[in-house]
Amino acid sequence: MLTRVKSAVANFMGGMMAVGPNGDQPGCSDLPLKFPYSRPEFLGLSPDEVECSADHIARPILIPKETKRLPWSTGYAEVINAGKSTLNEDQACCEVLVVKRRPAGPSTPNRMPMTRRRSSLPNGEGLGLRDNPDISNDLTFHYWALFDGHAGSGAAVLASRLLHHHIALHLQEVMEILCTPNLLPPTCLGEEPIDHHLSPTSQRALTRAASLRGAAGAPGSPSTPPTRFFTEKKVSHESLVIGAIENAFKDMDVQIEREKAVYNVSGGCTALVVVFVLGKLYVGNAGDSRAIIIRAGEVTPMSAEFTPESERQRLQFLAYMQPYLLGNEFTHLEFPRRVQRKEVGKRMLYRDFTMSGWAYKTVEEDDLKFPLIYGEGKKARVLATIGVTRGLGDHNLKVHDSNIYIKPFLSCCPEVRVYPLVQHEHGADDVLVLGTDGLWDVLSNQEVAEAVTSFLANCDPDDQHRYTMAAQDLVMRARGVLKDRGWRISNDRLGSGDDISVYIIPLMYGNKQN
């Protein structure tokens, strides 16, 4: 086992196995690509420019040729890694989508089969996505997303093309409710909705009327009346949007698994998405990318990273409940360092899934196995393999030279945080910053906030390019300059050698739209 782990560590870089010459896993080239590798469409690059951008020595910083291609004058910039992988494994997507109401018919939203929903995804057909946002009774949402690929670019490319369609599909299922803000979502679709603006007396009358209609003997009632001696949770419209995003991530992960059977979809990816709908920003994160809001110079974190350390207890609990997942080669317990055979029988510090602190236990033979989680910070790994614990894809990922699958320990479910944008006034310098981990590995939240605030303060507030230039400046600060000892940033610190992708989204446009 020790030899196997040493071999794995030697072949892994940046948390995942080294990739082949096309940026994909070796041995996966027999199947065709569903979508060819490219850079984000809104950059407006030609094939030759895409090829030239993959220069690991010069590392040119790419920005959109036309700022107007992104909504809200959004700024974007990216740079390729310093040689970790042949291709830039980051992907990005930005769209404004309009979802039509479902056409009237016998089908109800909750009865539409999954296969029918998914069959329309690749081109957004059947979702009613429209180019004209000024249509009443339709639901418009803005979408920004970053995907950080590993072990190839396939999953990131696929997710960048399709995840927003999954979100649109799930929003379509509840848009009748979302577009009627005064009505609480019914517990069962088809039930009489509840208007929470009614007076208590009127509401009680409606409730009693509904109960009488459901009583035995009432016209149209079932023979057995439903039990009504319970309270119901009040579900907000906000939580329906959160649920739509969460289910969209799950559907995207299932689609990646299905597509891998017929297409070359390499590796996996983290996903960070922002949805602006009905006056609120929804930030969904699965992985180690990050989002922060900078408002009046103050930082508000809008995501948390999911790593082996931050999700230690979840991972350990899963391994404890299903020990066969460890292949009899790993232990779910954590120790401050590897246990040595000479320490069997001694008392050593440890912790398991029930503990946030540490305690002592007597070392047993089983404790000599390699730990499920090993390493600290950016070097922490699950099963000596991967450094992120949430994301999309990775269905075929195994521990090096074994049949131990890692996917059971990885979650595709995002954490979704909500920012009530229209409840606040925002100035021209108030922004939402999204970045892949290549940015945050070398710059703190505060450093990013100070850099962005300082740069925007020196720009004309009416200049529509100011956010693109700020994103370019931020990427440059994280990449640094190439010196004899590698890429260096301020104070001669080591710059980021990873792919870096950054959005800077001005929030004042959300106020104007509302």
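Of everything in the stretch 58-90 that's assigned to a loop (DSSP other than H, G, I, E, B) and among the aliphatic types (A, V, I, L, M), which residue is surrounded by the most Cβ atoms within 10 Å (Cβ to Cβ)? Here the answer is Ile80. Taking the stated definitions as given, is Asp401 more than 30 Å from Asn285 (Cα to Cα) and modelled with pLDDT under 95? Against the criterion (more than 30 Å from Asn285 (Cα to Cα) and modelled with pLDDT under 95), Asp401 qualifies. Considering every residue within the stretch 295-316, establish whether at least one is buried (at least 19 other Cβ atoms within 10 Å of the Cβ), under 30 Å from Pro32 (Cα atoms), in the same structural domain as Gln91 (by the TED database) and hydrophobic (A, V, I, L, M, F, W, C). Checked against the condition, which is being buried (at least 19 other Cβ atoms within 10 Å of the Cβ), under 30 Å from Pro32 (Cα atoms), in the same structural domain as Gln91 (by the TED database) and hydrophobic (A, V, I, L, M, F, W, C), the stretch 295-316 yields no hits at all.
Any residue at all in the stretch 327-344 that is modelled with pLDDT of 95 or more, open to solvent by 40 Å² or more (accessible area, probe 1.4 Å) and acidic (Asp, Glu)? Checking the stretch 327-344: at least one residue is modelled with pLDDT of 95 or more, open to solvent by 40 Å² or more (accessible area, probe 1.4 Å) and acidic (Asp, Glu).
Which residues, taken from the stretch 247-260, are in a helix (DSSP H, G or I), crowded, with 20+ Cβ neighbours inside 10 Å and of a type in the set (D, E, K, R)?
If the condition is that a residue be in a helix (DSSP H, G or I), crowded, with 20+ Cβ neighbours inside 10 Å and of a type in the set (D, E, K, R), then Asp251, Asp253, Glu259 are the ones that fit.
In the set (1) within 30 Å of Met508 (Cβ to Cβ); (2) surrounded by fewer than 19 Cβ atoms within 10 Å (Cβ to Cβ); (3) touching a residue at least 60 places away in the same chain (Cβ under 8 Å); (4) under 18 Å from the mean Cα position of the chain (by Cα), Val241 fails one condition alone, (2).
The values are calculated or read from the model by the stated rules, or taken from the named source; none is laboratory data. This is a predicted model, so every value here is computed, not measured. A quick note on method: Cβ atoms are made from the backbone with ideal geometry, for glycine too, and the neighbour counts reach across all protein chains shown. Protein only, heavy atoms only, side chains kept; ligands, DNA and RNA dropped before computing areas. Shrake-Rupley method; radii C 1.70, N 1.55, O 1.52, S 1.80 Å.
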